[in-house]
Amino acid sequence: RRMASASAASVRVHVYDLNTDLNDYGIYVGVGIFHTGCEVYGREYAFGYHDEDNETGVFDLEPRAAPAPAVFRETIEIGETKYSVEECARVIGRLKRAFPGPSYDLLKRNCNTFTEALVEALCPEGGKVPGYVNRLAHIGRFANDYAPCFVPASIRGAITTVPGKLTNGEVGDGEDAGDEDAGEDVQLLAPVDPRME
């Protein structure tokens, strides 16, 4: 049952570059390698890979603060949700169960897929994530499904995980000297930059 909320809350999508050089050119033709998160009620929610079975890949952090290699690009104002804080928490809880960390797939189920699902759940009357955000993955998925000879077999090997530690909703570098169990490990996936090897 939907509870009436006193006021609407803004829903925003924060877009980050995972390869700034490529995205600066690709954006002109509507593609790029992006990470996204969805902000509602002052927290940003995103999805990343980890290999712990039965553990969500969804995490929250301060808005516009995704860990490196993500570089903030822009904020997209989606609209408003009529859901209360409690109702949003239930929606996010359902998505946390639906997005376990091991289910991450670069082409089929990535951070942008999660952001699209959250935006659709929070703004069912029409808020949409722009197509350019996940278009490259859609193209890659199509090529992989229908013309796999065009997608290098090494594409899954061309991804690196970026570890972090989520403590009280904050993402850090995982290098805290304190208790190892004090936070939840989170990881973003990003293409390997050959210049960095």
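The values are calculated or read from the model by the stated rules, or taken from the named source; none is laboratory data. Every value quoted in this text rests on a predicted model; they were computed, and no experiment measured them. In case anyone asks, the SASA skips ligands and DNA or RNA and just uses the protein heavy atoms, side chains included. Shrake-Rupley method; radii C 1.70, N 1.55, O 1.52, S 1.80 Å.
Before moving on, here are some points about what is shown:
- Overall, the anisotropy analysis places segment 1-132 in the oblate class: the square-rooted eigenvalues a ≥ b ≥ c of its C-alpha gyration tensor yield a/c not less than 1.5, with a/b not exceeding b/c.
- Annotation: amide H of residue 33 within the under-5 Å range of 18, 19, 23, sequence separation 5 or more or interchain, hydrogens built in the peptide plane.
- Taking amide H atoms as placed 1.01 Å from N in the peptide plane, the amide H of residue 39 lies under 5 Å from those of 12, 13, 14, 45, each 5 or more residues away in sequence or on another chain.
- Exposure check, 1.4 Å probe, all protein chains in place: residue 111 carries approximately 10 Å² of accessible surface.
- Once backbone amide H atoms are built at 1.01 Å from N, residue 107 has no partners under 5 Å, excluding neighbours fewer than 5 places away on the same chain.
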